[in-house]
Amino acid sequence: MAAETKTWRATVLTLFPEMFPGPLGVSLAGKALSSGLWALEARDIRDSATDRHRSVDDTPAGGGPGMVLRADVLARAIDAAELSADRPRDRPRLLMSPRGRPLTQSRVVELAAGPGPLVVCGRFEGIDQRVIEARQLEEVSIGDYVLSGGEIAAMALIDACVRLLPGVMGKPDSGADESFSHGLLEYPQYTRPQEFEGQPIPDILLSGDHARVAAWRQAEAEALTRARRPDLWAARTKDQKRPKRPTDG
Ligand code: ADE
């Protein structure tokens, strides 16, 4: 039998499935979704509640404010999503959470190259730790700020993956030059009009000299990265100083 290429699929477990596809249903991601380049499934965690009130949360053990998502309900929701017949096996299981590892472009590239993740969206004060461990959820943060739930974070993660899927972006290399792909922020861009509120486009960009344009862009990207993201700049200069090992390309 010929190797089957399965469609990249994001399965989202949420208490608010009506939030999806939301912004993922328009523009680049939305067009790709309609044309079947990827698939999105939003499943309601509440469907896995078993009591007559369909309750999904309870008060935190040890006291404190807020409510905690129950381990048994979420475990059932995860297991049901994974057992459905057409789901890819061995997909990454993510939990969107401000205490997760920060999402990076390199993790996005890995996720886009795989079958597509199962993404759990947290709500309330948190999720019972036992289900995080028992289902080996990888906690992922999209930044050092607190959203009211994981849904918007899940959308950001899915959007970042979808734009890398084959056939989604118009020009295959339009992602190659952008911020983070080389550890630098993106250089500034200009277009018509040639003069805007007294500001001309930098001469060099109109010179037609591709080598000088490339050198100018590289210098601008480096200056921006140094000024705005000393962390990225330090990581980059550290990489460049690292002695070459025989295994390096
Ligand atoms: N849920 C709430 N805040 C979040 C964040 N910063 N990243 C991921 N998920 C979240």
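Beta bridges per DSSP, both residues in the chain: antiparallel share near 15 percent.
Across the alpha-carbon atoms of the chain, the computed radius of gyration and Dmax are 22.3, 72 angstrom.
Excluding same-chain neighbours fewer than eight residues apart, the aspartates and glutamates reachable from Lys31 by a Cα-Cα span under 20 Å are Glu18, Glu41, Asp159, Asp173. Both radii are taken from the alpha-carbon atoms of region 195-241; with Rh as the Kirkwood radius, Rg/Rh is 1.14. Taking Cα atoms only, the orientation of helix 210-228 departs from the longest principal axis of the chain by about 50 degrees.
Available extension along the chain between Asp209 and Lys241 is 8.4 nm, counting 0.36 nm per residue and deducting the alpha carbon span.
The per residue volume of the convex hull around the alpha-carbon atoms of region 1-140 is 137 Å³. Within the accessible area of region 91-231, what % is carbon and sulfur when the probe is 1.4 Å and the other protein chains stay in place? C and S fraction of accessible area: 52 percent. Secondary-structure-derived ellipticity at 222 nm for the chain, considering helices only, amounts to -9500 deg cm²/dmol, per-run term -39500 (n - 2.57) for DSSP H runs with n ≥ 4. With all protein chains kept in place, the per residue accessible area of region 8-162 amounts to 50 square angstrom at a probe of 1.4 angstrom.
Other residues within the sphere of radius under 15 Å centred on the Cβ of Thr50, judged by their own Cβ, net out at -2 (K and R +1, D and E -1). With bins 10 Å wide starting at 0, give me the P(r) of region 63-148 over every alpha carbon pair, in whole percents. Result, from short to long distances: 16, 46, 32, 6, 0 percent.
Percent relative contact order of the chain, based on C-alpha pairs within less than 8 angstrom and at least six residues apart?
18
Beta-bridge orientation, region 1-139: approximately 10 percent antiparallel, per DSSP, counting only bridges with both partners inside. For the chain, modelled as a Gaussian network with Cα springs under 10 Å, which listed residue fluctuates most, Leu40, Leu69, Leu184? Looking only at Leu40, Leu69, Leu184, the biggest GNM fluctuation is shown by Leu184.
Over region 195-241, accessible surface divided per residue gives 77 Å², non-protein components excluded, 1.4 Å probe. Among Arg99, Arg192, Arg91, the largest mean-square fluctuation in a Gaussian network model of the chain, built with springs joining Cα atoms closer than 10 Å, belongs to Arg192.
The values are calculated or read from the model by the stated rules, or taken from the named source; none is laboratory data. Predicted, not measured: the structure shown is a model, and the values here were computed from it. We place every Cβ from the backbone using ideal geometry, glycine too, and count neighbours over all the protein chains shown. Surface accessibility is based on the protein's heavy atoms, side chains included, excluding ligands, DNA and RNA. Shrake-Rupley method; radii C 1.70, N 1.55, O 1.52, S 1.80 Å.
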